[in-house]
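The values are calculated or read from the model by the stated rules, or taken from the named source; none is laboratory data. Note that the coordinates shown come from a computational prediction; the quantities given were computed from them, not determined experimentally. As a convention, Cβ positions derive from the backbone with ideal geometry for all residues, glycine included, and neighbour counts pool all protein chains shown. For the accessible areas, the whole protein counts, side chains as well, though only heavy atoms, and no ligand, DNA or RNA atoms are used. Shrake-Rupley method; radii C 1.70, N 1.55, O 1.52, S 1.80 Å.
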Amino acid sequence: MKLDRGIISTLFRTELRMVLRDRRMVLTSILLPLLLTPLLMLVSTSTVKKRERTLQQMTYPYAVTGPEAEAVQLLLARARTKSEFHLNEVTNAAPLAALDKGEIQLVLEGFRAKQNSIAATNHEALSETTGNTNSIVDEGEATPPGSLVVRLIYRADRDVSQAAMSRMRDALDRSREADRAALLKEHGFAVLPAQVAVISERDLASRAQRAGLMVGRLLPVSLLFLILVAGAVIAMDSLAGEKERGTLETLLTTGATRAEVLVAKHLVIEAVALFITLLQLGNLLVYCSFHLLRLPADLAAAVPLPVALLLLVLFLPVVALAGNVLLLISGYARSYKEAQMYFMPVLLLGLVPALATFMPGVGLRSIVVLVPIANLAVAIKEVLIGQFDWPFLALAWVITAGAAVWTTRLGVRLLSTERLITAAQTDAVSFTGGQGLFERHLVGWFALMWAALLVASNYLEKTDLRLQLAINLVVILFGGCSLMIRRYRLNLRAALALRAPHPAIWLGVLVAVPGGLLTATALFELSNRVLPVSDKTLEAFNQTLLPTQIPFAQLIFCLTVLPGIFEEIAFRGLLLYGLHRRLSPVPLALVVGLVFGLFHIALFRFVPTACLGAMLASVTLLTGSIFPAMLWHAANNGLGVLVYELHLPEANLGWPVYLTGLALLGVAYWIFWRHRSPYPGLKSGRVKESSEPA
């Protein structure tokens, strides 16, 4: 495709002038990025200093309770003589209630240990403590019977209560160490306890490396956030807004081709994104290196000029990739309002790869180097801490740049079509509604359900598992699907693929269940090598998902029947139905699987869950029915519960076992293919009807 540089240059200058005339764009693209860094630095620095001064100058009220309150008061009297004591004892008849109300900041409970056990000490006394308080006891060694135990009860959700607890603990520790030393000396022990084994610490990281770790974690996320926010305003107005106003058709009547118009608009978005990047790197360089603001010494040593230039080069492919995605979304949207609806899920999902900098132990020499954006985010963190792995830096840059080139070509190809470059069909679809409008709004609906699921999961984390599943599956997923079916007047049988499959398909499902579970387990072990998950985390997750207080029959029902019905209605039902005319079968199954994995929240479960979701989508596409996926899903969950309850090995089964599972999966798909009756209306015609008799 031959492009006229003169036309592109003219269009670029015109679009850029329009951007600079728009106050909203100037605010989000220039003023906000310019002022954000120094404001954050000033506010955070002054806030931290003010908080430290306040906490240092405060005198914290506390109360003493328990059967050994007098012994605790004597201990505190000795502590007052050995250190500065900004704590004031008050008398209160209901100290725990006063702590909850904020009248006091700390409660000390004194009692005598009854057993020679650490665990028993943690549960003794504390008769009044409510679930709103945290308590701390020294768990370093077993407590002999009759020993004095001092429990510190405080509120972890209040800074002043935490500070009071920390000060009191430090004072008691110093007093206890002095008492121990005096007792040992009295009994003829000539060496002080602190001199038995002197421990010293030495940090090999420099000031710049320590600061680089902090800046390297925050910089990619903050830069990408600003680029997406500012670029979205321009992208939405340049295509979606112009289609809504009808000015884009006028522009297309000129001598400029569609590709030239798109390239010019894309260059404007990238110019703004590049300007934001330069602003933020300039902010770091000016304020940190030139000391224009009074910053912590470690932060001031973080970004010298050569490193700032390297960061700019590393971030260039991210700028291009973000601009491509924003322009593609704007062109795909039929109106400015629809583009706004698409932006929030894109912003949330776009920031996820940049969060790789917060994952402990993830370096550039891992599979993360193959993930666009995430690889350069990790590369920026490593550069800021002084690790210059040049071969992998170059590889990460090339991979993200390749993704940017691919999205550029994809955007030009897709946005050059009549359906996407104009708004001719917008009014017709908006008025007629039905399936067309449903497909257009599908992403927004699922983004809303995902957000609701995320909020509900946070608030219901410690509630009964049955209540969590009822709200997540029935209220959010099934409720949202019911609203979509009613709102867009969808045909229930077509939308949910309520068709009877070939009888042989049920045999294939029974073979696929163990094969799919073993294959997903193998993928989890592979992903665990890249992003390792501790055994303690897995055990805690299993205990949360499979609580012992719920009867086994109810547990099976909640974890097999409910997900097998309601999750399939949402993902292999409406989601697959809303995308089946946009994507060919293989990308469609992968997208449905990825969304299914995202809805399960936990990051370490993403790979096996997405794999299961893709397999369930594929069997729905091959059979044209949701019922095999429902049975497979329920049986898969049930088999997983039985494996855990029977204490069968779940990991490290060996590759012969995993290859056997893969073979079973192959047999199952052979059965599905031989007796296939494909999902009607698929975009691609690759999956054809079987010639075998039904």
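Side notes on the structure shown:
- Verdict on Leu594 being touching a residue at least 60 places away in the same chain (Cβ under 8 Å) and assigned to a helix (DSSP H, G or I): no
- All positions within segment 618-632 that are outside any loop (DSSP other than H, G, I, E, B), open to solvent by less than 10 Å² (accessible area, probe 1.4 Å) and hydroxyl-bearing (Ser, Thr, Tyr): Thr620, Thr623
- The requirement of being touching a His at 6+ places or on another chain (Cβ under 8 Å) and either in a helix (DSSP H, G or I) or at pLDDT 90 or above (or both) is fulfilled somewhere in segment 610-617, by at least one residue.
- Complete set of residues in segment 641-667 that are among the small types (Gly, Ala, Ser), open to solvent by 30 Å² or more (accessible area, probe 1.4 Å) and assigned to a helix (DSSP H, G or I): Ala663, Gly666
- Only residues that are assigned to a loop (DSSP other than H, G, I, E, B), over 36 Å from the mean Cα position of the chain (by Cα) and small (Gly, Ala, Ser) were counted in segment 150-198, giving 3.
- Yes/no for Arg605 being among the basic types (Lys, Arg) and closer than 18 Å to Asn636 by Cα: yes
- Scanning segment 406-416 for residues that are free of Cβ contacts under 8 Å to residues at least 60 places away in the same chain and hydrophobic (A, V, I, L, M, F, W, C) turns up just one, Trp406.
- Scanning segment 145-195 for residues that are under 30 Å from Lys101 (Cβ atoms) and in contact with a Pro (Cβ under 9 Å, 6 or more places away or on another chain) yields Ile153, Ala164.
- Checked against (1) open to solvent by 70 Å² or more (accessible area, probe 1.4 Å); (2) over 15 Å from the mean Cα position of the chain (by Cα); (3) among the aliphatic types (A, V, I, L, M), Ala403 meets all criteria but (1).
- Selected residue [surrounded by 15 or more Cβ atoms within 10 Å (Cβ to Cβ) and out of contact with any Asp or Glu (no Cβ under 7 Å at 6 or more places or on another chain)] from Ala504, Ala522, Ala451, Ala494: Ala522
- The residues in segment 677-694 that are out of contact with any Pro (no Cβ under 9 Å at 6 or more places or on another chain) and either crowded, with 17+ Cβ neighbours inside 10 Å or modelled with pLDDT of 70 or more (or both) can be counted, and the count is 2.
- Of the listed requirements (1) open to solvent by 40 Å² or more (accessible area, probe 1.4 Å); (2) in contact with an Asp or Glu (Cβ under 6 Å, 6 or more places away or on another chain), His187 misses just one: (2).
- Test result for Gly361, of a type in the set (Gly, Ala, Ser) and either open to solvent by 30 Å² or more (accessible area, probe 1.4 Å) or modelled with pLDDT under 80 (or both): yes
- Condition check for Val286: open to solvent by less than 20 Å² (accessible area, probe 1.4 Å), over 26 Å from the mean Cα position of the chain (by Cα) and at pLDDT below 80: no
- Looking at segment 480-574, the helices (runs of 4 or more DSSP H) lying wholly inside it that each contain 3 or more residues that are under 23 Å from Phe604 (Cα atoms) and modelled with pLDDT of 90 or more sit at 504-530.
- Given (1) over 14 Å from Ile399 (Cα atoms); (2) surrounded by fewer than 18 Cβ atoms within 10 Å (Cβ to Cβ), number of the condition Ala356 does not satisfy: (2)
- Verdict on Val398 being within 14 Å of the chain's Cα centre (by Cα) and without any contact (Cβ under 8 Å) to a residue 12 or more places away in the chain: no
- The one condition from (1) in contact with a helix residue (DSSP H, G or I) (Cβ under 6 Å, 6 or more places away or on another chain); (2) within 30 Å of Leu3 (Cβ to Cβ) that Gly246 does not meet is (1).
- Within segment 465-491, the set of residues being closer than 20 Å to Leu545 by Cβ and either surrounded by fewer than 12 Cβ atoms within 10 Å (Cβ to Cβ) or within 24 Å of the chain's Cα centre (by Cα) (or both) comprises Leu465, Leu467, Gln468, Leu469, Ala470, Ile471, Asn472, Leu473, Val474, Val475, Ile476, Leu477.
- Test: Ala374 is among the small types (Gly, Ala, Ser) and open to solvent by 20 Å² or more (accessible area, probe 1.4 Å): no
- Residues that are in contact (Cβ under 8 Å) with a residue 40 or more places away in the chain and either in contact with a strand residue (DSSP E or B) (Cβ under 7 Å, 6 or more places away or on another chain) or outside any helix (DSSP H, G or I) (or both), drawn from segment 333-373: Ala333, Arg334, Ser335, Met359, Gly361, Val362, Ser366, Pro372, Ile373
- Exactly one residue out of Arg151, Arg169, Arg174 is open to solvent by 80 Å² or more (accessible area, probe 1.4 Å), touching a residue at least 24 places away in the same chain (Cβ under 8 Å) and closer than 30 Å to Gln105 by Cα: that is Arg174.
- Among the residues of segment 556-601, those identified as in contact with a Ser or Thr (Cβ under 8 Å, 6 or more places away or on another chain), crowded, with 21+ Cβ neighbours inside 10 Å and hydrophobic (A, V, I, L, M, F, W, C) are Leu576, Ala589, Phe596.
- Output for segment 84-114, where each listed residue is touching a Lys or Arg at 6+ places or on another chain (Cβ under 9 Å), surrounded by 21 or more Cβ atoms within 10 Å (Cβ to Cβ) and either of a type in the set (Val, Ile, Thr) or in a loop (DSSP other than H, G, I, E, B) (or both): Gln105, Val107
- Test: residue in segment 299-316 that is open to solvent by less than 10 Å² (accessible area, probe 1.4 Å), at pLDDT 80 or above and either under 14 Å from Met236 (Cα atoms) or of a type in the set (S, T, N, Q) (or both): no
- Filter result (out of contact with any Pro (no Cβ under 8 Å at 6 or more places or on another chain), in a helix (DSSP H, G or I) and either of a type in the set (D, E, K, R) or within 26 Å of Leu328 (Cα to Cα) (or both)) within segment 379-394: Glu382
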